[in-house]
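For reference, the structure is listed below as structure tokens.
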2 protein chains.
Amino acid sequence: MKDPADIPYRAPDAEARRITRALISQARHAVLGVAGQDGVPILSRIAVMAGPDGQPVALLSGLAQHSSALLRDPRAGLLIADEAAQKGDPMTHARLSLQIEAKVIDPAQQTVTDLRGRWLAANPKAKIYIDLPDFRFWLLHPVSGLLNAGFGRAHRLSPADIVNSPADDTAREQSS
Amino acid sequence: MKDPADIPYRAPDAEARRITRALISQARHAVLGVAGQDGVPILSRIAVMAGPDGQPVALLSGLAQHSSALLRDPRAGLLIADEAAQKGDPMTHARLSLQIEAKVIDPAQQTVTDLRGRWLAANPKAKIYIDLPDFRFWLLHPVSGLLNAGFGRAHRLSPADIVNSPADDTAREQSS
């Protein structure tokens with residue numbers, strides 16, 4: 001007998017990978033689910049952006065409970081929706097459920113300087129708090145994913161289906 | 001020294017309770033976060049509706065991984081957003097993060113007959129699967145909550161701030 005959990009899922013294909021990367025690339029916010037001290041998931045809306053290798057990045061306050069939870073256990077869930085899809089039934093809109101491992105990006109890295117500029121361009125109001133000492137950029141590294149591209153169109157994803165490989169970047173540069 | 005987790009939160013007031021109940025009442029979908037077998041939160045979008053005492057209710061397939069997770073551990077997180085707010089910065093839109101305890105509603109109960117009719121009125125396409133043997137209505141009983149009504153407007157909520165009391169129902173009947 002098949003594991004019931006596997007019955008409704010398809011293998012990822014090029015179209016599933018394209019939709020997955022486009023969802024991360026267009027994302028300005030997402031729902032983060034961290035494990036609370038009692039092990040129960042705590043959900044919050046966070047602002048996000050595609051960062052290194054197309055991986056999601058978030059700017060989080062050290063005072064927020066999701067930050068202390070991630071310092072305790074960096075494994076979390078992240079739901080990214082199709083933000084352009086605002087009409088019709090949201091249960092038919094594409095969304096991506098990621099299992100992630102969150103890691104503070106060292107503020108001394110060049111990556112943070114680049115991210116800071118792009119973040120402020122996308123979120124001008126962030127200038128009020130982006131330089132406060134408790135704010136950090138976090139890399140939300142995808143460990144696995146589930147793409148739901150509508151009824152009956154669910155794909156289980158590995159990191160290679162989600163994150164841009166150096167080969168992808170080369171191909172993109174050559175085609176642009 | 002105050003617990004950093006408590007610094008940004010206000011006590012609930014009548015307006016916070018009004019917004020909270022309105023968010024549940026208007027909700028047609030939400031993000032559910034269950035604990036996976038490894039304890040890591042798994043997030044998914046689910047269809048919801050306000051049910052008994054204004055508590056959220058969901059119709060879930062027994063084949064979905066969130067159902068097996070909830071049977072293992074019924075404690076979960078639920079994020080309900082303001083679905084009417086589609087313009088402007090989503091980080092300023094009201095949303096409600098609940099800690100819930102999920103429970104299958106006995107299909108023999110009159111509550112299920114009532115819910116079935118209201119669910120089909122709101123989700124006509126559900127007629128394809130609502131009577132499949134693995135589908136069940138779940139009560140997502142709020143244990144606690146956090147209302148974020150915009151920047152600097154966060155309130156910690158108890159069940160009495162979230163769920164309608166019989167007194168509320170009486171007041172509503174008298175005023176209608």
(request) Please go through the residue pairs A:K103/A:K125; A:K87/B:K87; A:K87/B:K125 and name each one whose alpha carbons sit more than 21 Å apart in this structure. (result) A:K103/A:K125
(message) Please check: in the Gaussian network model of chain B (C-alpha springs, under 10 Å), which one of B:R72, B:R21, B:R95 has the largest mean-square fluctuation.
(response) B:R72
(message) With the label 7 angstrom out along Cα to Cβ, how close does B:E101 come to the same site in each of the other copies, in nm, nearest first?
(response) 3.5
(request) Taking a label point 7 Å out from Cα toward Cβ, give me the nm distances from B:A122 to the same spot in the other copies, shortest first, one decimal. (result) 3.2
(message) Let's test the formula: R0 of 51 Å, r as the Cβ-Cβ distance of B:E15 and A:R18. What FRET efficiency results, to the nearest 0.05?
(response) 0.70
(request) Enumerate the amide H contacts of A:G36 below 5 Å, restricted to partners 5 or more residues apart or on another chain; note that Pro and chain-start residues carry no placed amide H. (result) A:I42
(request) Rank A:A126, A:A154, A:A94 by mean-square fluctuation in a GNM of chain A with C-alpha springs under 10 angstrom and give only the top-ranked residue. (result) A:A126
(request) For the stretch B:156-164, take each phi angle, set θ = phi - 60°, evaluate the Karplus expression 6.51 cos²θ - 1.76 cosθ + 1.60, and give the result in whole Hz per residue in order, putting x for glycine and proline. (result) 7, 10, 9, x, 5, 7, 9, 8, 5
(request) Using only protein heavy atoms and a 1.4 angstrom probe, determine the accessible area buried between B and A, summed over both sides, in Å² to the nearest 100. (result) 3100
(request) Would you mind pulling out the separation of the Cα centroids of the stretch B:53-116 and the stretch A:67-143, in Å? (result) 24
(request) Would you mind telling me which residue in B:K127, B:K87, B:K103 has the biggest mean-square fluctuation in a Gaussian network model of chain B, where springs connect alpha carbons within a distance under 10 angstrom? (result) B:K87
(message) Quick check: residue separation of A:V143 and A:A160 times 0.36 nm, minus the Cα distance between them. What number comes out in nm?
(response) 5.2 nm
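Given a cut-off of under 8 Å on Cα pairs at least six residues apart, what relative contact order in percent is computed for the stretch B:91-140?
Contact order relative to length: 54 percent.
Could you please state how large a percent of the accessible area of the stretch A:15-94 is carbon and sulfur, counting protein chains only and using a 1.4 Å probe?
The value for the stretch A:15-94 is 53 percent carbon and sulfur by accessible area.
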(message) I need the fraction of alpha carbon pairs in chain B separated by more than 29 Å, rounded to a whole percent.
(response) 23
(request) Mind putting together the pair-distance distribution for the protein assembly as shown? All Cα pairs, 20 Å bins, whole percent per bin, short to long. (result) 29, 58, 12, 0
(message) Suppose each label sits 7 Å from its Cα in the direction of the beta carbon; what would the A:L120-A:L63 distance come out to in nanometres?
(response) 2.2
(request) Could you pull out which residues in the stretch B:40-69 have an amide N less than 16 Å from a spot 7 Å beyond the Cα of B:D106, following the Cα-Cβ vector? (result) none
(request) Could you state the accessible area per residue of the stretch B:88-150 in Å², with a 1.4 Å probe and every protein chain left in place? (result) 51
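The values are calculated or read from the model by the stated rules, or taken from the named source; none is laboratory data. Only a predicted model underlies this, so the values are computations on that prediction, with no experimental measurement involved. Using ideal geometry, Cβ is built from the backbone for each residue, glycine included, and neighbour counts are taken over all protein chains shown. Please note that ligands, DNA and RNA were not included when accessible areas were found on the heavy atoms of the full protein model with its side chains. Shrake-Rupley method; radii C 1.70, N 1.55, O 1.52, S 1.80 Å.
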